[in-house]
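Presented below is the structure to which this report refers.
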Amino acid sequence: MLARLPLHGACALVLFAACKASPPPAVGGPNADPAPAEARPPSAGIELHFEDSGRSVTLAPGAPLVIKLHAPAGTGFGWDLTKGDSTVLALAAPKTTESAEAGPGRRQLEVFSFVAKGAGTTHVELTFHRPWEHEPPARTFTADITVR
């Protein structure tokens, strides 16, 4: 004889069974976390964020490096490249912004795209400030980049 379950109990069992039967997400799929910078080969492109400040990275000549840093829109604050040897690591394009929101104060990313040029090491520094103020930067991002 079949036991009777309340309707919500039966639905819960069906949902549980469906979740149990789902395969695990594919490793390396579009939503997978990228490998840490130190685990990638030097020829692969690397993306850094503010949390990566102070890191050392090795790139092969011609490899891309992208640095994405948060900057609230409409505040006058922005990121500027203040240190770096362009014979080792050169800007590949002017700074751009990415944002999924509209309006002042929205969260946006300022994106710096570089390309590894010649062998050597450079200390890259980006500062977050208002260009018209003569105050120390509100934040600083640094990375040591080696090209070989």
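Residues that are surrounded by 14 or more Cβ atoms within 10 Å (Cβ to Cβ) and within 12 Å of residue 129 (Cβ to Cβ) within the stretch 63-80 comprise 71, 77, 78, 79, 80, listed in sequence order.
Each row is one residue, and each column tells you yes or no for (1) closer than 14 Å to residue 64 by Cα; (2) in a strand (DSSP E or B); (3) not aliphatic (A, V, I, L, M).
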| position | (1), (2), (3) |
| --- | --- |
| 104 | no, no, yes |
| 107 | no, no, yes |
| 112 | yes, yes, yes |
| 125 | no, yes, yes |
| 128 | no, yes, yes |
| 143 | no, yes, no |
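Taken as a whole, the structure places residue 61 among residues that are touching a residue at least 60 places away in the same chain (Cβ under 8 Å), outside any strand (DSSP E or B) and of a type outside the set (Lys, Arg). Among the residues of the stretch 81-105, those identified as farther than 21 Å from residue 117 by Cβ and either modelled with pLDDT of 95 or more or loosely packed, with under 11 Cβ neighbours inside 10 Å (or both) are 98, 100, 101, 102, 103, 104, 105. Taking the stretch 133-144 as the range and being out of contact with any helix residue (DSSP H, G or I) (no Cβ under 8 Å at 6 or more places or on another chain) and closer than 15 Å to residue 82 by Cα as the test, the residues that pass are 134, 135, 136, 137, 138, 140, 142, 144. If residue 93 passes every condition in (1) in contact (Cβ under 8 Å) with a residue 12 or more places away in the chain; (2) within 24 Å of residue 138 (Cβ to Cβ) but one, which one does it miss? Among (1) in contact (Cβ under 8 Å) with a residue 12 or more places away in the chain; (2) within 24 Å of residue 138 (Cβ to Cβ), the lone unmet condition for residue 93 is (2). When 77, 112 are screened for being among the aromatic types (Phe, Trp, Tyr) and either more than 16 Å from residue 47 (Cβ to Cβ) or in contact with a His (Cβ under 7 Å, 6 or more places away or on another chain) (or both), only 77 passes. Among what's in the stretch 106-145 and is basic (Lys, Arg) and modelled with pLDDT of 95 or more, pick the residue that is surrounded by the most Cβ atoms within 10 Å (Cβ to Cβ). Taking the candidates together, the pick is 117. Taking the listed residues 132, 79, the one that is of a type in the set (Phe, Trp, Tyr) and not in a strand (DSSP E or B) is 132, with no other qualifying.
To keep it simple, each residue is scored yes or no on (1) under 18 Å from the mean Cα position of the chain (by Cα); (2) within 14 Å of residue 57 (Cα to Cα).
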{"position": "88", "(1), (2)": "no, yes"}
{"position": "93", "(1), (2)": "yes, no"}
{"position": "115", "(1), (2)": "yes, yes"}
{"position": "118", "(1), (2)": "no, no"}
{"position": "126", "(1), (2)": "yes, no"}
{"position": "136", "(1), (2)": "no, no"}
{"position": "142", "(1), (2)": "yes, yes"}
{"position": "146", "(1), (2)": "no, yes"}
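The values are calculated or read from the model by the stated rules, or taken from the named source; none is laboratory data. Just so it is clear, the structure is predicted and the values come from calculations on it, not from any experiment. Cβ sites come from the backbone with ideal geometry, for glycine too, and all protein chains shown count toward neighbours.
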